[in-house]
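Just below is one structure, and these are the notes that go with it.
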Amino acid sequence: MECPDYINLSGNAIRLLNEMAFQFKGGNNGDLCPAWTLMKERGFSSKTTLGKALKDLLAAEMVILTRQGHFIKNKASLYALTWASIDECQSKRLDESPTITPFRNFSVERQQGWPRKLDQPVQKQY
C-alpha cells in the first residue's frame, strides 16, 4: 500500500482491486473476472465506472489481462493480480502462461526507490 501506483488510484479502482483480490482464493490467479454481471451485484453502479476503474488498474499495472474476452463466443476477459504468480487455469485457455514469480515485486521496487516509471500499457491485438 506504499506503492505510488496504488496510492494514485481512484477510489473506484481501489474498490475494484479489492473485489478482484476477494475473488483470488489461491490457485486461481489469472481467472479473476470483473464482469459487469458480477460487479453490479457487488455495488458498481455503471458499466462506465467499472470500465474506467479496470483501465486504471491496467495502466497502474496492478492487474494484467490473462485472457481477452469475446462477446460472440460468450467468453469473459480474465485477469491476474500482478503481485502473485499466474496460476495454471486448465479449462480457461489463458493467453498468458503460468508464472513462477509475480509480474511485480513491491519490496524490490521499494528498495530501488519509488516511483518507478510506468510505460503505456500494451494493448493486445487479437
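The values are calculated or read from the model by the stated rules, or taken from the named source; none is laboratory data. Quantities reported herein were computed from a predicted structural model and do not represent experimental measurements. Neighbour counts run over all protein chains shown; Cβ positions are idealised from the backbone, glycine included.
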## Note on the structure
Within the stretch 1-25, restricting to residues that are among the charged types (D, E, K, R) and not in a helix (DSSP H, G or I), the one that is farthest from the chain's Cα centre (by Cα) is Glu2
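Taking the condition modelled with pLDDT under 90 and not hydroxyl-bearing (Ser, Thr, Tyr), does Lys55 pass?
no
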### Query
Only one of (1) farther than 24 Å from Asp5 by Cβ; (2) of a type outside the set (Gly, Ala, Ser); (3) touching a residue at least 12 places away in the same chain (Cβ under 8 Å) is not met by Trp83, so which one is it?
(1)
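Would you please name the residue that is nearest to Met1 (Cα to Cα), looking only at residues in the stretch 86-107 that are of a type in the set (S, T, N, Q) and in a helix (DSSP H, G or I)?
Ser107
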### Query
Asn28: more than 26 Å from Pro4 (Cα to Cα) and touching a Cys at 6+ places or on another chain (Cβ under 7 Å), yes or no?
yes
### Query
Filtering the stretch 74-114 down to residues that are among the charged types (D, E, K, R) and over 21 Å from Gln23 (Cβ atoms), which residue is farthest from the chain's Cα centre (by Cα)?
Arg110
### Task
Search the stretch 86-101 for residues being free of Cβ contacts under 8 Å to residues at least 24 places away in the same chain and either over 18 Å from Lys25 (Cβ atoms) or of a type in the set (Val, Ile, Thr) (or both), and hand back the single one that is surrounded by the most Cβ atoms within 10 Å (Cβ to Cβ).
Thr99
### Message
Could you go through the stretch 69-81 and let me know if any residue there is loosely packed, with under 14 Cβ neighbours inside 10 Å, on the phi > 0 side of the Ramachandran plot and not in a strand (DSSP E or B).
### Response
yes
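Taking the stretch 26-37, which residues are over 17 Å from Thr66 (Cα atoms) and either modelled with pLDDT of 95 or more or under 15 Å from the mean Cα position of the chain (by Cα) (or both)?
Trp36
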